[in-house]
1. How fast does the range 154-289 diffuse by Stokes-Einstein, in µm²/s, taking the Kirkwood radius from C-alpha pairs at 20 °C and 1.002 mPa s?
2. Among Ser261, Ala172, Gly103, whose Cα sits farthest toward the positive end of the charge dipole of the chain (+1 at Cβ of Lys/Arg, -1 at Cβ of Asp/Glu, about the Cα centre)?
3. For the pair Arg268 and Gln216, what calculated FRET efficiency results from E = 1/(1 + (r/R0)^6), where r is the Cβ-Cβ distance and R0 = 30 Å, to the nearest 0.05?
4. Among Val35, Val58, Val102, which one shows the highest mean-square fluctuation when the chain is modelled as a Gaussian network with alpha-carbon springs under 10 Å?
5. If you build the convex hull over the alpha carbons only and average its shadow over all orientations, what do you get for the chain? Give it in nm² to one decimal.
6. Beta carbons within 10 angstrom, averaged per residue: use that to sort the peptides 265-272, 188-195, highest first.
7. Rank Asn34, Thr14, Val183 by how far each Cα sits towards the positive end of the charge dipole of the chain (+1 on Lys, Arg Cβ; -1 on Asp, Glu Cβ) and give me just the farthest.
8. Taking the Cα centre of the range 175-289 as origin, sum charge times position over the Cβ atoms of Lys and Arg (+1) and Asp and Glu (-1), and report the length of that vector in debye to the nearest 20.
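The values are calculated or read from the model by the stated rules, or taken from the named source; none is laboratory data. Computed from a predicted model, the values in this text were never measured in an experiment. No Cβ is skipped: glycine too gets one built from the backbone with ideal geometry, and neighbour counts run over all protein chains shown. For accessibility, only protein heavy atoms count, side chains too; no ligands or nucleic acids. Shrake-Rupley method; radii C 1.70, N 1.55, O 1.52, S 1.80 Å.
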Amino acid sequence: MKATSTEWDFDVDTVPAPSFTHNGLTVNPGGFYNVRRDTGESLGHVSNRYGLVQNRDVIGQVEDAFKNAELPSFDRKVIVTGNGERLFATYDFKDRTRVLKVGDEIGMRLTVQNSFDGKLKLSFAIGALRLICTNGMSSMEKDVDMVSKHNSNIDISFLTDAVKSSIPRFEAACANYDALAGVEFDHEKGFNILNRLAKAKVVSERHAKKIAAIWQSPDYKEDESRSLWNLYNASTQYLTREVQGKTFERSNTMNLGILSSLTNIARRGTISDWTAPVPGSLQMEVVNN
């Protein structure tokens, strides 16, 4: 588990990988290293095709675009992993909201990511914030024009276009949440869905049991209904409160994986397959730690 911090405004230089002597021989590793100028720490070994983008340029481009799109009011949270290899900047727009058909009020959330280790693309994603409990939710609204590879031709101006399209994409994401709320089933069958998610390795058995505990005894009256929406809320509540602070990337991956699976169930009408008992299924007993 990598450490996280909020220190994001530092300079990174791409420098040639130095040669070294091993067993009496000179080794030329090739490629380049992305190195923090303030600490001298290496953040990743990359090829000559890698295109470096400083964090402050990403943040500046996005926040300038917010002003131009008349989205000036937001709450920003920035998380940096490891020694600074990856950045995730989350923007919550609580005054840009929509009320779902079930009555839940949802605020728009935008997340930008950048990396110096060559393992993440520069991207911009639409999400949401459930205002009643501040659970962070993923979205299926991710298109090609919202992602850019770190290469020598990288152009971060695409972030401005992504911001312009954020509001209609947010509306589309909310339509998907409405679809989840429209798929209802008996309480016990929610555990069968969690079992199938665990067997499909969307979540681990341990995480599935923790989500099951919230499903068993909802903290909010709004979640006493039994639908895919309420099951997703149980998942996001656990991930936001118990996982995100320890490993941000893992939380995001599980969040999107669960949403993708539940959305496919709603779109394809396969709820009967997912709620059927699972042979050799886990005992979804309530766990407290």
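1. In µm²/s, the coefficient rounds to 135.
2. Ser261
3. Plugging the Cβ-Cβ distance into 1/(1 + (r/R0)^6) gives 0.65.
4. Result: Val102 has the largest fluctuation of those listed.
5. 17.9 nm²
6. Details: 265-272: 14.0, 188-195: 21.2.
Peptide ranking by packing, descending: 188-195, 265-272.
7. Most positive-ward Cα: Val183.
8. Numbers: 14 positive and 13 negative charges, 93 e Å.
Using only the charged Cβ atoms, the result is roughly 440 debye.
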